[in-house]
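Please treat every number below as a calculation from the coordinates, not as lab data. Values in this document were obtained by computation on a predicted structure and should not be read as measured data. So basically every Cβ, Gly included, is an ideal-geometry build from the backbone, and we count neighbours across all protein chains shown.
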Amino acid sequence: MGRTLRASVIALAFCLGGTAWADPPANFDARVEEIRNQVGVPGMSVTIVENGQVTLAHGYGVRRLNTNERVDADTIFQLGSVGKAFTSAALAVLVDRGEISWDDPVIDHIPYFQMYDPWVTREMTVRDLLVHRSGLGLGAGDLMFVPRSSRSREDTVRALRHIRPATSFRSDYAYDNVLYAVAGQLVEEVSGKTWEQFMREDVLVPAGMRTATSDRIERRRTRNRAWPHGRRDGPMAGMGTQEMMDDSGRAEFDPELGANAAPAGGVAASANDLGRWISIQLARGATPEGGRLFSEAQSREMWRPKCMFRSARRPIRWRLRPRNSIPMRWAGWSAIIKAIAWSCTPAPCSVRNRS
């Protein structure tokens, strides 16, 4: 995913109890377009949620290079690892139904689940699948689905037993994707539906995310979608001339994870979809219409920090420096637009895990 420069969806949520945010500056659209062109992203969309309401959902640029196919608020983008939060929500739905508990051993629901260490196999819980503290090394198992794979999700789970740990269980943080594949398989084992079907029927549709999809075939059938783009003719991947990539699913370099890893990054959604998703998160699981996707108790569980570790001694600095100075009245929106531009750069995907 880090090698592909995708047209990006940036969802920005604002929640400051009892305080109303000012409208975006009059030239907000022009500033976003300026930065989009500086970074070189073909298209993107922005969603702003204020006090639980979507106040802006807008598209910028085009869905495909060298076309006039404009991005709008219903253009779907592949969300990458933002999709991990949706898999966590799927598990929260099952917890609410009493079908699983966060602290259930994984082997209670997937009898063939096995880690390298038998003790870890017995102790690994549903919660552990989501919080990157299993003892596996950074990105362990990724080659089972990158750049693509014919492995089934079940086969991926069965292969875990051959991956040696890098640290002891629950002692350190190391980002992974493969255990989200296990979480997706657990959804299937418990519900009797594939992760794709459960995500559509029990998460996306109840959330009112009408253009979102968890199925790669359905995504490719969607006309109003952003296409992947990349720079691959330079001295190394990520450099050179930007070009549209083959999104047929038959390309030698498929710009999409293997289907077995979809629970780690297989959701695609639009700005309008993400506006609803953010509203539901801010409302602790309640939908704008007054229903519920998941309970307040599960919302608090998903947002509670699980991995504590020391931060760097020196603060991380933004590498992006806008060419023009920005007046003080732009101060808050300046930081927001910087975040937009930074998120559009070809960097390895990351997620602020809520589980």
* Structure fact -> If amide H atoms are modeled at 1.01 Å from N in the peptide plane, then the residues at a separation of 5 or more from Met245, or on another chain, having amide H under 5 Å from its own are His229, Gly230
* Work out the length of the dipole vector of the range 69-228 about its Cα centre, built from +1 on the beta-carbon of each Lys and Arg and -1 on the beta-carbon of each Asp and Glu, and round it to the nearest 20 debye. => 620
* Structure fact -> Between Asn66 and Glu154, the two model label points (7 Å from Cα along the beta-carbon direction) sit apart by a distance in nm of 4.5
* **Other-chain or far-sequence residues with amide H under 5 Å of Thr287's (modelled H)** => Arg292, Leu293
* **Most positive-pole-ward Cα, Leu274, Gly291, Asn224, against dipole of the range 218-296 from beta carbon charges** => Gly291
* Any idea what diffusion coefficient the range 29-91 gets from Stokes-Einstein, in µm²/s, Kirkwood Rh on alpha carbon pairs, 4 °C, 1.567 mPa s? -> 97
* For the range 78-173, what relative contact order do you get, as a whole percent, if you take Cα pairs closer than 8 Å and at least 6 residues apart? -> 30
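Over the range 109-228, consider all pairs of different Cα atoms and compute the Kirkwood hydrodynamic radius from their mean reciprocal separation; express it in Å, one decimal. Could the numbers behind the result be given before it?
Details: mean 1/r = 0.0635 Å⁻¹.
After inverting the pairwise mean of 1/r, the radius is 15.7 Å.
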* Structure fact -> Loop-resident chymotrypsin sites (Phe, Trp or Tyr not before Pro) in the range 275-309 with no more than 13 other Cβ atoms inside 10 Å, DSSP not H/G/I/E/B, are Phe309
* Asked: Does the range 171-307 come out rounded, prolate or oblate by the C-alpha gyration tensor, with a ≥ b ≥ c the root eigenvalues, rounded set by a/c under 1.5 and, if not, prolate when a/b is larger than b/c and oblate if not?
  -> prolate
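Among 218-228, 180-190, how do they line up by average Cβ neighbours within 10 Å per residue, starting with the highest? Each step should come with its number before you reach the end.
On the way: 218-228: 17.3, 180-190: 25.1.
Top of the packing list down: 180-190, 218-228.
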* Step through the residues of the range 46-61 one at a time and calculate ³J(HN,Hα) from phi using the Karplus curve (6.51 cos²θ - 1.76 cosθ + 1.60, θ = phi - 60°), rounding each to whole Hz and writing x for Gly and Pro. => 10, 10, 10, 10, 10, 6, x, 10, 6, 9, 8, 9, 8, x, 9, x
* Structure fact -> Listing Arg250, Arg200 by rising number of other beta-carbon atoms within 10 angstrom, fewest first, gives Arg250, Arg200
* Asked: If we count other beta carbons within 10 Å of each Cβ, what is the order of Ser171, Ser191, fewest first?
  -> Ser171, Ser191
* Ile76's amide H: which non-local residues (gap 5+, or another chain) put their own amide H closer than 5 Å, with H modeled 1.01 Å from N in plane and none for Pro or chain starts? -> Arg225, Ala226
* Structure fact -> Per the C-alpha gyration tensor (a ≥ b ≥ c, the square roots of its eigenvalues), the range 50-142 is rounded if a/c is under 1.5, else prolate if a/b beats b/c, else oblate; here it's prolate
